[in-house]
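Before any comments, here is the structure.
Bear in mind these aren't lab numbers, they're just calculated from the coordinates by the rules spelled out. Since we're looking at a predicted model, the values are computed, not measured. Please note: Cβ atoms are built from the backbone with ideal geometry, for glycine as well, and neighbour counts cover all protein chains shown.
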Amino acid sequence: MRIVIIGDGKVGVTLTERLSKEGHDLVVIDQNKRVLQEAANQYDVLTVHGNGATMTAQREADVGRSDLMIAATSADEVNLLCCLLARKLGVPRTIARVRSPEYTEQLPFLKEDLGLSMTINPEYTAAMEILNLLRFPAALKRDRFSRGRAEIIELKLSPDSFLCGRKLYELMQLTKIQVLICAVERGETVMIPSGDFQLSANDNIYVTGASRNLAALVQKMSIAERKIRSVILIGGSRIAFYLAMALKGECAVKILEIDEERCKELAASLPHARVVHADGTQPETLISEGLAEADAVVTLTDIDEVNIVLSMYATRFGVYKVITKINRIEYNDLALKMGVNSIVSPKSISCNEIVRYVRAMNNTSEGGVLTLHRIVNEKVEALEFSVPANAPYLEVPLKDLRIKQGILIACIHRKGKIIIPGGSDFLRSGDSVIVVAKSDELYSSLNEIFKQ
Amino acid sequence: MNYKMIANVIGRILCIEAVFILPACLISLYYGEMAVILPIVISALLTAAVGMLLLQPKPGQTPYYAREGFVAVALSWLMISVFGALPFYISGAIPSFLDSFFETVSGFTTTGASILSDVESLPKGLLYWRSFTHWLGGMGVLVFVLAVHPMSKGGGQSVYLLRAESPGPEVSKLVPKTHSSAKILYGMYIGLSVLQFVLLALGGMPWFDNITTVFGTAGTGGFAIRGDSMGGYSTYIQVVVTVFMTLFGVNFSVYYLLVMGKIKQALRNEELWLYLFIQAAATAVISFNIRSLFPTMGQTVQQAAFQVSSIMTTTGFATANFDLWPELSKWVILLLMFIGASAGSTGGGMKVSRVLLMAKAAKRERKRAVNPREVTVIRMDGRMVGDDTMQGIWMYLTYYLIIMLASMLVVSTNSYGVEVSLSAVVSCLNNIGPGFGICGPAGSFAEFNPLSKVVLCVDMLLGRLEIMPFLMLIAPAAWNKRGLNWRPFRTARR
């Protein structure tokens, strides 16, 4: 497919990388020549230098003959303008990044009148992901499928856990809960395990199942589960705003922000939260603001490195749940080694949404991608596919299906029920199925996971 | 330096070369030249063997950058020339390896300078291979590889190869993916070649002469299979060749725009108009100058047009011995040799777009002398041309002059006179073919001393690849550990 990306900033660059890996023809428009040069050198793309919100630039990029236009500049207004123009030039679908909270109210109108196919708000989706983690603090990561009914959560196996040394097929017997371990990360290696895989201490396991079953599992594993009643957000960013709004009524929120004007804005719009004008990077400030007593700390400054260091500091201080915002996913491996467990990456989340949309667009037959999440630090893809009305693999027991190597059918969602499939379960039309596979292969439809 | 990747590229190219050498056997078989068949097969097998050997180390995922691109291009071209010389050498048709190498380099770089004093005595199979090197070298060997197989999925690194080999001050892709871009270029190239073949066939040209002429025209090379180059063919054939030489000297992105229906944008290309204007003007001047040499004005113009087109597009075919023409015409021809064809075509020379930009820069300087505070911007085709591009052009000119003077120094050891030495160097550096005097259209490069031949080979390669790739081979900076070599300080003298 031919895709035009306007704005080669953080999201733009990541999108360029992901979409060019998926094999699409990409054109990138940006005002910064150097940035374009980098893109042209690293990825197989065409670049256009100019203002993406002008007809000239869009014509030069041949937007009219493209399949999709993604506007990811730093200004919402510009993005919306780009989409308006692009639609006029005839592109069938557009995606705009609209991050300002002020515009969320009118988004439905905008989408309808401007013909937007999708808007992404990286900060809002990141805030929601952090919210999920705060509500289920034992999980290091939570990815939801089937409208929240099924999940994949990441847990760390502590050395004294009763699961250490056990084989996977013993799991259900031992716990008597319907869950499945669909991926394991041990050190640097990632494995999609089969039944006789043996767990060991400090493995990061990714468990899938119905949400309440996963909660039960966590209890069974006696991973200390505490309800989060107080949160400190370091950095008064947009994410902090969305998060604080969402946490209203659930827990006490304190925001530390270094810019006085911003503090006033936040205080005005978040009456229930406590806004403190302080430099959250100073240890003494953090202590005096109650770091040691907080249930959770979320580091949300603009600088990844600061977030990592502050999180390490909070963990040292024994804060129960520490969540870190890291935009540069290259830091993730390093941060994880330093004991920073829960990482949220706004631009990755948005890119996943867009990639899912693109794959769904690309897939003309049924059996397309409903949800796309990347787990194990982007190394594994968890895809939810809709099962088409007729296909050769329907009503065939799973153990008889010839599925490609390294792919696992983790979960079947049928009419509201979550089924952890065994060998004799089968796929039925109308189901949605969660499939786990390594990120080297990119699947856009259910048919692709079977051997031909 | 990512050696594995470089080896991989060279390996692929050698394998492709081996495949292309084989048809020469069939040609020789057809003409009953049995003695040549075995040498050709041996050459192909040797080339394939080395190619397969180089493909063995798997390149892996390590990335490659500009320097690897340049080195890969430079070494590839050296290697294909060395192995491409084998059919000539092993069969004994060209006894000296240096001469075989010269002829092959001349082929791939689409120069068309020959060390053969009697072309027609060469077996047809070898004549086929000789002309085919023009066709492959014209659009580019690496471009061919990229068209056939996308080098890295999603990675933009193959653009370094494209940039290293393609001529012109600013190289850009036609479409987002390098692989698609290369395919489109070759598609149009093949299309035009076929068209020329058809038109020449309609003119009654024998099929063997036809394909060798098409190869020589498409690559703007100039190897002919007759001693009198194109002189012996009918006027219709000469005119068709004139037209197609001009066509192959046009920037291929103009053809792409035409194919895409963007006719207005295509016609707005400034380089195209300057290119055509220079050809027209040169033809007019020369026609007037040589009017006494031909019986009718029509013939005069036709002959002038052929030579002008041939030299400007750096093809090198000849229908008349322009060495005998008056001095004004010879100077016009020399000037055309310098200017060359359009960027993004198969022609050589400085390239019309560079000349155009230099002229615009000169005009800007003149304006600045009068109004020092005024800021003017150089524009081409409606787009602004950055200072880094201009910088590149001036540097290219500088290198070019240095190489030309140094080469002339070496060639002067033949003592053939300034006119011959200058024309020989200029002809090779600009990939034209014939010069003046002993290496003129009626002569050859056979009588130059071995050192000169080596230098001329280097010139041909430098010209075709526009200097940079070879500079990379000899510059120590390209091979070091990216600036991390430890050098102990010299102790200062007290």
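The table that follows gives values for the structure above.
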read-out: Calculated from backbone phi, Karplus (6.51, -1.76, 1.60) coupling profile of the stretch B:303-314 in Hz, x at Gly/Pro; value: 5, 4, 4, 4, 4, 4, 4, 4, 6, 5, 7, 6
read-out: Most to least packed among B:342-351, A:258-267, B:244-253 [average Cβ atoms within 10 Å]; value: B:342-351, B:244-253, A:258-267
read-out: Neighbour-count order for A:Asp431, B:Asp459, A:Asp304, A:Asp333, fewest beta carbons within 10 angstrom listed first; value: A:Asp333, A:Asp431, A:Asp304, B:Asp459
read-out: For A:Ile152, net neighbour charge (Lys/Arg +1, Asp/Glu -1) across residues whose Cβ lies under 12 Å away; value: -1
read-out: Sparsely packed GluC sites (Glu not before Pro) within the stretch A:131-221, loop by DSSP, other Cβ within 10 Å at most 12; value: A:Glu188
read-out: Cβ neighbours within 10 Å from other chains - mean over B:167-174; value: 1
read-out: Per-residue average of Cβ from other chains inside 10 Å of A:35-43; value: 3
read-out: Debye-sum result for chain A in log10 I(q)/I(0), which assumes one identical scatterer on each alpha carbon, at q = 0.13 Å⁻¹; value: -1.27
read-out: The stretch A:74-156 - share of DSSP beta bridges that are antiparallel (%, nearest 5); value: 60
read-out: Excluding exposed DSSP-loop GluC sites (Glu not before Pro) (at most 13 other C-beta within 10 Å), longest clean stretch of chain B; value: B:1-373
read-out: The stretch A:356-449 - Debye-derived log10 I(q)/I(0), Cα point model, q = 0.11, 0.13, 0.21 Å⁻¹; value: -0.28, -0.39, -1.08
read-out: Net +/- balance of residues flanking B:Ala113 in space, Cβ distance below 13 Å, scoring K and R +1, D and E -1; value: -1
read-out: Chain B shape via C-alpha gyration tensor axes, a/c threshold 1.5; value: rounded
read-out: Neighbour-count ranking [beta-carbon atoms within 10 angstrom, fewest first] of A:Arg374, B:Arg364, A:Arg59; value: A:Arg59, B:Arg364, A:Arg374
read-out: Protection proxy ranking of A:191-198, A:214-221 - average other beta-carbon atoms within 10 Å, highest first; value: A:214-221, A:191-198
read-out: Listed residue pairs exceeding 27 Å between alpha carbons, taken from A:Lys10/A:Lys227; A:Lys111/B:Lys264; A:Lys21/A:Lys347; A:Lys347/B:Lys58; A:Lys21/A:Lys399; A:Lys141/A:Lys399; value: A:Lys10/A:Lys227; A:Lys111/B:Lys264; A:Lys347/B:Lys58; A:Lys21/A:Lys399; A:Lys141/A:Lys399
read-out: Relative contact order (%) - the stretch A:2-120, alpha-carbon pairs under 8 angstrom, separation at least six; value: 23
read-out: Segments A:103-112, B:207-216, A:433-442 sorted - mean Cβ within 10 Å per residue, highest first; value: B:207-216, A:433-442, A:103-112
read-out: Computed FRET value (nearest 0.05) for B:Leu405 with A:Ala75, which takes r as the C-beta separation and R₀ as 51 Å; value: 0.40
read-out: Residue mean of other protein chain beta carbons inside 10 Å, B:177-184; value: 2
read-out: DSSP bridge pairs, the protein assembly as shown: antiparallel proportion in percent, nearest 5; value: 55
read-out: Simple label model, 7 Å out from Cα along Cβ direction - A:Asp440 to A:Tyr169, nm; value: 2.7
read-out: Antiparallel DSSP beta bridges within chain A, percent to nearest 5; value: 55
